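A quick write-up on the structure given underneath.
Only the coordinates and a few stated rules stand behind these numbers; no lab work does. Remember, predicted model here, so these are calculated numbers, not experimental data. In this analysis, Cβ positions are derived from the backbone assuming ideal geometry, glycine residues included, and neighbour counts consider all displayed protein chains.
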Amino acid sequence: MLALSLTALIAAAPLGAAAQDQGAREDRGPRRERPEQQQRPDRERQQISYSEAASIARSQAGAGARFVGSQGMQGGRYVFAFERDGRIFNVSVSAYR
């Protein structure tokens, strides 16, 4: 059984190396220019505070909207709930600049 497992691992190793080589070849081509913000991963981008995000959400919700609550951060976005004219709606704000 051990020999069978080792044989399967050895057989799969060249396939993994070929996939890595293909990725390296694709990286050699010309690159499209992207804004700096999109080039950096989220962990390197500056995160805004909860209160700053709440302020942005209030301005996006518009006049007459009443803050109802927050669902916190979900997938790199702050989500806030507002009510206007009996309707509840969510406003999401990016947690990163």
*Proximal charge balance of GLY64 [Cβ under 9 Å; K/R count +1, D/E count -1]*: +1
*Which ³J(HN,Hα) values, rounded to whole Hz and listed in residue order, are derived for region 66-76 from phi using the Karplus coefficients 6.51, -1.76 and 1.60 in 6.51 cos²θ - 1.76 cosθ + 1.60 with θ = phi - 60°, glycine and proline given as x?*
9, 5, 9, x, 9, 9, x, 8, 9, x, x
*Roughly what would the spin-label model give for ILE56 and ARG87, points 7 Å off Cα along C-beta, in nm?*
2.4 nm
